[in-house]
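Asker: Quick one: structure below, then a few questions.
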């Protein structure tokens, strides 16, 4: 029953990323992916609706994960503690250690406008979940939306810098740097200029 | 030569918005739009590639407009002054006075996933232009990206609140409120929590 091996998803993902990088997303077929992974197309379609979804694996669980993290934070947590804690957890559990794969993935997503729109939709869906979770904690609507959007911005900007670096610094350092930079940018003047 | 009347675009846009709202985006045809506007389909296609683009009219000029505003700001302008000035200008020239149409437009965009993705792409394209313009002013890459993304967040969040309001307050008041709320949220604790 090798098709049920728990690493099937990982092998399919790795094979797909390799082939997308080698010959392009459009030119790659599902049978090529399963051949490279040493698995059947039936196994592929048990895990993914199509080849595009390999690039967005695990995404379905993200909104629920974000909601849970926000709901489970201590009642006393202020908004800043809330988002930095959640971002740190996401960085350490979902991104750290996967830099080579994520670099390859970014190249592929950038190569295809349809994949780029799909990526933007993913971000919007997560933002909506975070906004809803912040509303449930009692934050006003505008604060909730700002927290969600700003969390997405910090993660997005930190991810790009982490992927672009020459060295090997962990993602959470770039998150700290992004937050420090944003806070400093927004504090430059005392009053709100008009 | 009535087809060259300068208000042709405006009439087509108004007719399209009305029809999309009345009978749905998918069910509306270009001949229906031109009939309602009292213009020919030839005139329509001189202004728009298809019915979807009516909803994104004027978008092509936005990246250049954003770049110009940032490039033309006084050399001494700090980042916060830069973005608040640009957002205020955008609010007053492109949104204020159009609330009824923009409410209708938002309903239509929300009704169709394809339109939603198109809207997200519009935002991403403008963010890229603002990031590039901030880089040209000499801001570091991370600061430039944070400024662009945060400007988009402030505008997006303020726009939603402005559209949702019961009263008749101007958009720039919601922009001020969003900025004040974001600054306060990010200042709650002195140190960056881990």
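Since every read-out is calculated from the coordinates, none of them should be taken as a lab result. Because the structure is predicted, anything quoted here is derived from the model rather than measured. Because the Cβ atoms are built from the backbone with ideal geometry, glycine has one as well, and the counts that use them run over all protein chains shown.
Asker: If you project the alpha carbons of segment A:110-194 onto the principal axes, what extent comes out on each, in Å, largest first?
Answerer: In descending order, the Cα extents are 38, 31, 28 Å.
Asker: Mind checking which of A:158, A:86, A:27 has the largest fluctuation in a GNM of chain A, springs on alpha carbons under 10 Å?
Answerer: Of A:158, A:86, A:27, the most mobile in the Gaussian network model is A:27.
Asker: Can you give me the angle between helix B:141-164 and the longest principal axis of chain B, using Cα atoms only, in degrees from 0 to 90, rounded to the nearest 10?
Answerer: Between the helix axis and the principal axis of chain B, the angle is about 50 degrees.
Asker: Among B:25, B:45, B:156, which one moves the most in a GNM of chain B with springs linking Cα atoms closer than 10 Å?
Answerer: Maximum fluctuation in the GNM of chain B, among the listed residues, is at B:45.
Asker: I need the P(r) histogram for segment A:59-183: all alpha carbon pairs, bin width 10 Å from 0 out to the longest distance, whole percents.
Answerer: Once binned at 10 Å, the Cα pair distances of segment A:59-183 give 12, 43, 35, 10, 0.
Asker: Given just the C-alpha atoms of the protein assembly as shown, how large is their convex hull per residue in cubic angstrom?
Answerer: Once divided by residue count, the hull of the protein assembly as shown is 180 Å³.
Asker: With N residues in segment A:2-54, what two-decimal value do you get for its Cα radius of gyration over 2.2 N^0.38 Å?
Answerer: Scaled against compact globular proteins, the figure is 0.99.
Asker: Something else: When the helix-only estimate is applied to the protein assembly as shown (DSSP H runs of n ≥ 4, each -39,500 (n - 2.57), divided by the residue count), what is the mean residue ellipticity at 222 nm, nearest 500 deg cm²/dmol?
Answerer: -22000 deg cm²/dmol
Asker: Measure out, as a whole number of angstrom, how far apart the alpha-carbon centroids of segment A:106-149 and segment B:1-64 sit.
Answerer: 31
Asker: When a footprinting reagent is the concern and you count Cβ atoms within 10 Å, what order do B:33, B:108 take, fewest first?
Answerer: Ascending number of Cβ neighbours within 10 Å: B:108, B:33.
Asker: Report, for residue A:138, each distance to the same residue's label point in the other copies, shortest first and in nm; define the point 7 Å along Cα→Cβ.
Answerer: 4.8
Asker: Continuing with the same structure: Let me confirm one metric for peptide B:147-157, namely the mean number of other chain beta-carbon atoms within 10 Å of its residues' beta-carbons.
Answerer: For peptide B:147-157, the averaged partner shielding equals 5.
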